[in-house]
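Enquirer: Please read through the structure below; I'll follow up with questions.
The values are calculated or read from the model by the stated rules, or taken from the named source; none is laboratory data. Worth saying up front: this structure is predicted, and the values here are computed from it rather than measured. All Cβ positions, even for glycine, are placed from backbone atoms using ideal geometry, and neighbour counts span all protein chains on display. Heavy atoms of the whole protein, side chains included, go into the accessibility calculation; ligands, DNA and RNA do not. Shrake-Rupley method; radii C 1.70, N 1.55, O 1.52, S 1.80 Å.
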2 protein chains.
Amino acid sequence: MMAAMPDHSSGPTSEYARILADNARYADEFEHGALRPPPTRKLAVLACMDARLTIEVALGLGTGEAHILRNAGGVVTEDVIRSLVVSQHLLGTEEVVVVGHTGCGMRRFPEDEVRRQLTAATGTDVHLDFEPFEDVEENVREQVRRIHAHPWTRDVPVHGFVYEVETGRLREIL
Amino acid sequence: MMAAMPDHSSGPTSEYARILADNARYADEFEHGALRPPPTRKLAVLACMDARLTIEVALGLGTGEAHILRNAGGVVTEDVIRSLVVSQHLLGTEEVVVVGHTGCGMRRFPEDEVRRQLTAATGTDVHLDFEPFEDVEENVREQVRRIHAHPWTRDVPVHGFVYEVETGRLREIL
């Protein structure tokens with residue numbers, strides 16, 4: 001299932017063509033066509049977008065088993081609350097797992113400097129809150145707190161892990 | 001690597017234990033410890049959180065190759081812009097793929113009714129914009145437009161697909 005190494009020299013069109021070719025092979029062996037929308041493990045996972053996290057495989061999750069929410073840092077934003085409301089109230093998930101990771105680019109992120117550079121580069125006022133953090137374990141605890149504290153989430157178990165990009169191992173946080 | 005079917009009868013603790021057991025097996029065979037943060041395919045993927053989308057495998061993406069952004073509907077919210085800014089300006093991605101899917105719960109989503117029910121259930125004013133849509137192909141086109149139009153994103157190729165949950169196949173949209 002893994003693709004060959006990418007060839008960036010031939011530009012973006014090669015990536016588009018590669019996706020279609022790999023997907024055709026995937027579809028040829030596809031056997032999940034009868035799955036219904038509610039995740040069979042009644043689980044929602046929130047993780048960072050980092051390319052080194054192949055989150056379903058690292059957590060042993062198969063197709064159809066869990067909602068996967070991912071953004072920069074794996075932080076609980078308004079959009080994550082929107083997604084969790086849909087996941088819990090409409091699609092019946094009853095447990096949440098938050099996964100931070102070592103080597104995260106959002107740790108000690110130079111927010112003011114980046115905002116200045118982007119404002120100069122784009123010619124617009126970049127007023128983003130990047131949600132940087134100091135410590136990855138404390139950040140996971142903070143995201144779990146946010147989920148528990150929000151009035152629109154259901155009262156369900158919320159676990160926290162730190163994924164080690166160096167070893168592939170999950171560190172138990174709470 | 002696929003886990004056995006879940007046993008929901010023994011409650012949430014069994015899922016936590018299962019994740020740790022599956023992850024221990026994953027870590028034992030782990031061989032990606034030397035990867036750096038920038039995605040090797042210089043690609044960012046935006047997709048729905050739906051459990052039926054095993055997006056990396058369906059697109060032939062290996063560990064370390066692409067940023068993965070996922071939320072309810074695969075829509076371009078403020079949080080997705082934040083993540084794309086980090087992905088493009090700080091971690092060097094140069095191409096975006098947006099993946100909607102058939103059977104999406106955000107299609108013809110009864111937003112007013114859900115807001116009323118949640119407001120009653122939680123005792124708070126649920127003022128969420130759920131970002132529902134009528135047509136999945138048009139929704140993908142709209143999300144691609146939003147990415148191109150945003151002043152903080154880079155001028156890079158943005159592709160759109162609809163993933164068929166019935167067949168595993170990507171339909172080319174733009």
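Enquirer: So, residue A:27, is that one modelled with pLDDT of 95 or more and in contact with a helix residue (DSSP H, G or I) (Cβ under 9 Å, 6 or more places away or on another chain) or not? So that I can check it myself, show each step before the final result.
Expert: Values: modelled with pLDDT of 95 or more: yes; in contact with a helix residue (DSSP H, G or I) (Cβ under 9 Å, 6 or more places away or on another chain): yes.
So residue A:27 passes the test.
Enquirer: Just to be sure before I move on: is residue A:65 under 16 Å from the mean Cα position of the chain (by Cα), within 16 Å of residue B:79 (Cβ to Cβ) and of a type in the set (Asp, Glu) in the structure I sent? Spell out how you get there, then give the answer.
Expert: Values: under 16 Å from the mean Cα position of the chain (by Cα): yes; within 16 Å of residue B:79 (Cβ to Cβ): no; of a type in the set (Asp, Glu): yes.
So residue A:65 fails the test.
Enquirer: Looking only at region B:73-89, which residues are surrounded by fewer than 19 Cβ atoms within 10 Å (Cβ to Cβ) and free of Cβ contacts under 8 Å to residues at least 24 places away in the same chain?
Expert: Residue satisfying the conditions is B:78 alone.
Enquirer: Scan region B:143-167 for residues that are of a type outside the set (A, V, I, L, M, F, W, C) and either over 16 Å from the mean Cα position of the chain (by Cα) or at pLDDT below 95 (or both) and report the count.
Expert: 11
Enquirer: Kindly provide the set of residues from region B:19-49 that are more than 7 Å from chain A (Cβ to nearest Cβ) and either of a type in the set (D, E, K, R) or buried (at least 19 other Cβ atoms within 10 Å of the Cβ) (or both), ordered by number.
Expert: Correct list: B:25, B:28, B:29, B:31, B:36, B:44, B:45, B:46, B:47, B:48.
Enquirer: Still on this structure, please answer the following. Sort out which residues of region B:75-97 are part of a helix (DSSP H, G or I) and not aliphatic (A, V, I, L, M), and write them in order of number.
Expert: Residues satisfying the conditions are B:78, B:79, B:82, B:83, B:87, B:88, B:89.
Enquirer: Which numbered condition in (1) at pLDDT below 95; (2) facing another protein chain (nearest Cβ under 10 Å); (3) within 14 Å of residue A:48 (Cα to Cα) is the only one that residue A:97 fails?
Expert: Residue A:97 satisfies all of (1) at pLDDT below 95; (2) facing another protein chain (nearest Cβ under 10 Å); (3) within 14 Å of residue A:48 (Cα to Cα) except (1).
Enquirer: For region A:150-173, name all the residues that are free of Cβ contacts under 8 Å to residues at least 60 places away in the same chain and either in a strand (DSSP E or B) or open to solvent by 80 Å² or more (accessible area, probe 1.4 Å) (or both).
Expert: Of everything in region A:150-173, those that are free of Cβ contacts under 8 Å to residues at least 60 places away in the same chain and either in a strand (DSSP E or B) or open to solvent by 80 Å² or more (accessible area, probe 1.4 Å) (or both) turn out to be A:155, A:169, A:171, A:172.
Enquirer: Condition test on residue A:70, is it part of a helix (DSSP H, G or I) and either more than 22 Å from residue B:163 (Cα to Cα) or at the interface with chain B (Cβ under 8 Å from one of its Cβ atoms) (or both)?
Expert: no
Enquirer: Among the residues of region A:96-137, which ones are in contact (Cβ under 8 Å) with a residue 40 or more places away in the chain and open to solvent by less than 10 Å² (accessible area, probe 1.4 Å)?
Expert: A:96, A:97, A:98, A:99, A:100, A:101, A:106, A:130
Enquirer: Taking only region B:47-67 into account, find how many residues are assigned to a strand (DSSP E or B) and closer than 12 Å to residue A:69 by Cβ.
Expert: 2
Enquirer: Separate question: Does region B:83-93 contain any residue that is over 14 Å from the mean Cα position of the chain (by Cα), of a type outside the set (Ser, Thr, Tyr) and more than 7 Å from every other protein chain (Cβ to nearest Cβ)?
Expert: Checked region B:83-93: at least one residue is over 14 Å from the mean Cα position of the chain (by Cα), of a type outside the set (Ser, Thr, Tyr) and more than 7 Å from every other protein chain (Cβ to nearest Cβ).
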